[in-house]
Amino acid sequence: MIEPPTAVRTRPDRSGHTPAPLPVRERTGRLLVLAGVFVCAACGLVYELELVALASYLIGDSVTQASVVLSVMVFAMGIGSLLAKRLRPRAAVAFGALEALLALVGGLSAMALYAVFAWTGGWGGAWAEGSRWLLVAFSLTIGLLIGAEVPLLMVLIQRIRRQDAGSAVADLFAADYVGALVGGLAFPFLLLPRFGQLTGALLTGSINAVAGAALVLGLFRRDVSPRARRALLAANLAVLLTLGTAAALVDDFERAARRAVYGDGVRVALRTGQQEVVLTGGPDGPLDLFLDGRLRVSARDGRRYHEALVHPAMNGPHARVLILGGGDGLAAREVLRHRDVRRVDIVEADPGVTALARTDPALSALNDHALRDPRVHIRTGDSFARLRTTTRTYDVIVSDLPGPGGTAGAKLHSQEFYGLAARRLAPRGRLLVHAGPFAAGSRSFWTVEASIRAAGLRTVPYRVGGGGRGGEWRVGEWFGFGGGGGGGIWLGFGFGVWSGCGIGVGDSVRGGCGCGCGIWFGFGFGVWSGCGMGVGDSVRGGC
């Protein structure tokens, strides 16, 4: 007759403490608890990073979103630790229930945040801030649940063998910190590039649920009543079923959410190693390119933007041109309109953007197949690092990089960055910078201008009016314009953009055409139809 295995016999230690009846040896039990701490810590940090990454993508300003998520979560962890005191008498059941709830909330947090942004973000009013409030709510909830883990795990590990509190805390925190390290590295290098934000969060929640259930129902099952075991098992199966169903539907969900955000014309949606790239429109409709949810290229008025960005700097020697950013090929298109250009170097951080600009028929047609020109040489990498390592000098440097609104943009608009750019300018070289939109109360534009001056370059700020949707005119982008030392040539103090019959007078008159618009610039004196004229530091107007 075969008898069922019995638990390892336990007896009270010298202090009178009776260890938990475990199905394994004491040493193995401790290792299993620490392994559970490791997995739960890794999952907890992934939840935090998922919220930070998705909030930065949806809301913007990564520094602010990281500060909100981390500060709220750490505060909530402290509150959770205090609330866990009441759960210590039933530590095993409480820990199992908390992990099931944490797996559900953390796993679904990314989908819920994206859904609110996609379907309610355009409603206006308080609904427009819904994703911000939901971000705080998820940070608070996940922080409370993570904070309650450590006190309960402290009780469980002491149930195996009573030991000095300092030693127990050291063991728990060591496993916790190592798990956080693994989770922090797994998110950017494994989960995000391989699974994406939504599926990565669902997978993390599933691992969290399995780890919590295995620890309680496997190692501490004799501390849990049969009724509680059945309830925990049913709860974890329901969580896994919910997360699995969400994972099966995640592709359909993403397509529906993208249609809600970008409209019905989504043609290409892919995630590169750097960002999410979405291309809308088609050969018969207006083409829009979105990078991480932000409009980067629009065929409606993108030609005016790139004409204004490139042509002012081309008045002078321009045989060698460096474009920082510009992987869409539109700045290169304008540079190549000058036939005496001999070489164009493009430094783009995301090879996925340049690949799309080469291969997509509509985007390639929009940039006039500029990236296939033999004079164009593409380098993949960071613009800051490229300026630091290259020994080439250029007659013109065009900085077609994101504005200085986020953390990544701040580096590429720093005094050090412009100092490196100045070193790469040939005599009489010119640097042209996209300094972001000028808005009332915003200091970012003038901060960029001050950084350029601090790098030793003379500056001439200028502005261009941009076309809004439906042909309406509005105040558009502002740009900072700098020239290299040693007698750099300056085109003037401003220029106007208009449609129809405009004229500009000055030292040098050039025309740019496309989309029925012309760009003219001179020495700070412009005259155009509809608005009269402007003289001085910036020429303002529209038609």
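Throughout, read-outs are computed from the coordinates displayed, never taken from laboratory work. All of these numbers come straight from a predicted model, not from anything done at the bench. Cβ atoms come from the backbone with ideal geometry, glycine included; neighbour counts cover every protein chain shown.
Below is a table of values for the structure above.
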| item | result |
| --- | --- |
| Euclidean distance of C-alpha centroids, the stretch 141-202 and the stretch 350-427, integer Å | 41 Å |
| Sorted peptide list for 291-302, 50-61, criterion being average Cβ within 10 angstrom, highest first | 50-61, 291-302 |
| Amide H within-cut-off set for Val297, under 5 Å, with H built and near neighbours excluded | Leu289 |
| Calculated from backbone phi, Karplus (6.51, -1.76, 1.60) coupling profile of the stretch 45-56 in Hz, x at Gly/Pro | 5, 4, 4, 4, 5, 4, 5, 4, 5, 5, 5, 5 |
| Residue-wise HN-Hα coupling along the stretch 414-430, computed from phi with Karplus coefficients 6.51, -1.76, 1.60 (Hz; x: Gly, Pro) | 8, 4, 4, 5, 5, x, 5, 5, 4, 5, 8, 7, 6, x, 6, x, 10 |
| Amide hydrogen neighbours beyond the local backbone of Leu425, cut-off 5 Å, H modeled | Tyr394 |
| Tensor-based shape of the stretch 182-276 (alpha-carbon gyration tensor, a/c under 1.5 rounded, otherwise prolate or oblate) | oblate |
| Size of electric dipole in the stretch 33-102: Cβ of Lys, Arg +1 and of Asp, Glu -1, about Cα centre, debye, nearest 20 | 500 debye |
| For the stretch 445-454, 3J(HN,Hα) per residue [Karplus equation, 6.51 cos²θ - 1.76 cosθ + 1.60, θ = phi - 60°, Hz, x = Gly/Pro] | 4, 6, 5, 4, 4, 5, 5, 5, 5, 5 |
| Within the stretch 245-275, backbone nitrogen closer than 17 Å to the virtual label 7 Å beyond the Cα of Trp127 toward Cβ | 257-263 |
| Peptide ranges 191-200, 134-143, 258-267 listed from the most packed, as the mean C-beta count within 10 angstrom indicates | 134-143, 191-200, 258-267 |
